[in-house]
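Okay, structure first, notes after.
The numbers here are math on the coordinates, done by the rules we state, and not lab data. All values reported here derive from a predicted model rather than from experimental measurement.
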Amino acid sequence: MRSALLLMAALLPAFAQLGPAPAKPKPARNAKEAAPVDFTGYWVSVVTEDWRWRMVTPAVGDFAGIPLSAEGRKTGNAWDPAKDEAADEQCRSYGAPAVMRIPGRVHIAWADENTLQIDTDQGTQTRLLHFAGKPTPGAAPTWQGYSVAQWEPPVRGSGSPQQGLGATREGNLGRSLEVVTTQIRPGYLRKNGPPYSGNTVLKEFFDLSVERSGDPWFVVTTIVEGPQNLNEPFVTSTNFKKQRDAAGFSPTACSAR
C-alpha cells in the first residue's frame, strides 16, 4: 500500500503538466460552416468531349448517346424550335437536367447559410441547392426544380491521395457534394428535342480537385432518371475550370436554337 501511494505521488506532477484535455471542436451550425471544400466563384466549362451535340444544335433525330425509349424518340423527332418560341417554351433545353452541359460560365455563391446558388450565363438560369428543407408537395414544377443537397461524409479506409499522379482531390478524398432534384418542368436533354418528363429525378455529384499548376477544377456527374422517355439512366460528366474573376460571364436569354 505504501509503495502504491509513493508511485501515485511521483506521477502527480507529470499529470499536472499535461493540463486540461483539449476542447472538442464545435459542430458546424449550418451547411456553409460544414463545407469540406469551396465551390464559390466563377467557373468556365471546358468542352473536351461531345462537341457534336454541345457546340452546335444537332440535327433533328441526332440522339446518339442518349438511351431514349420509343416514346422519347417519337417525341424528339417531332421537335419544332419555332413552335417552342411561339409558345414561350424556348427554355426547354435549359432545365436542371441539361443546363450544366451547355458550354458557358457559372457563378456559385452562398445565397444564405444553407443554400448554395448556381447562376448560369447561358439561359440566365438560377439553381438553388437546399441543404435544409424539402420539396413542397404539389408545388408547381419549374425549369430548375427543387434541389436537395448534402455534403457527403468522408470515405473510410481510403487513406491519403497518392502524390505525383496529377490532380489532388479536395475535401473528403472523393465526391464532396450530392444533389437530388425533383419537381422539374418537362424539357429537353439537348437543344434538338430529346425529352425528359415532369417525373424525372436528377442526381448529381460535384467533385472538386486541384491540378499541379494550382488551378481548381470541378466535375459534375449528372444522372438523369426518367423511365417514360429513357430506357436507362442518362449519365454525363462535365468539367469546369475556376476563373480568377467574372471575365466572360455574360448572362444571355434562352434560345430554342
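Amide H contacts of residue 177: 152, 206, each under 5 Å away and 5 or more positions distant or on a separate chain (H built 1.01 Å from N in the peptide plane; Pro and chain starts excluded). Shown in residue order for the stretch 203-218 are the 3J(HN,Hα) couplings computed by the Karplus curve 6.51 cos²θ - 1.76 cosθ + 1.60 at θ = phi - 60°: 10, 9, 10, 9, 10, 9, 9, 10, 6, 4, 6, x, 6, x, 10, 9 Hz (x for Gly and Pro).
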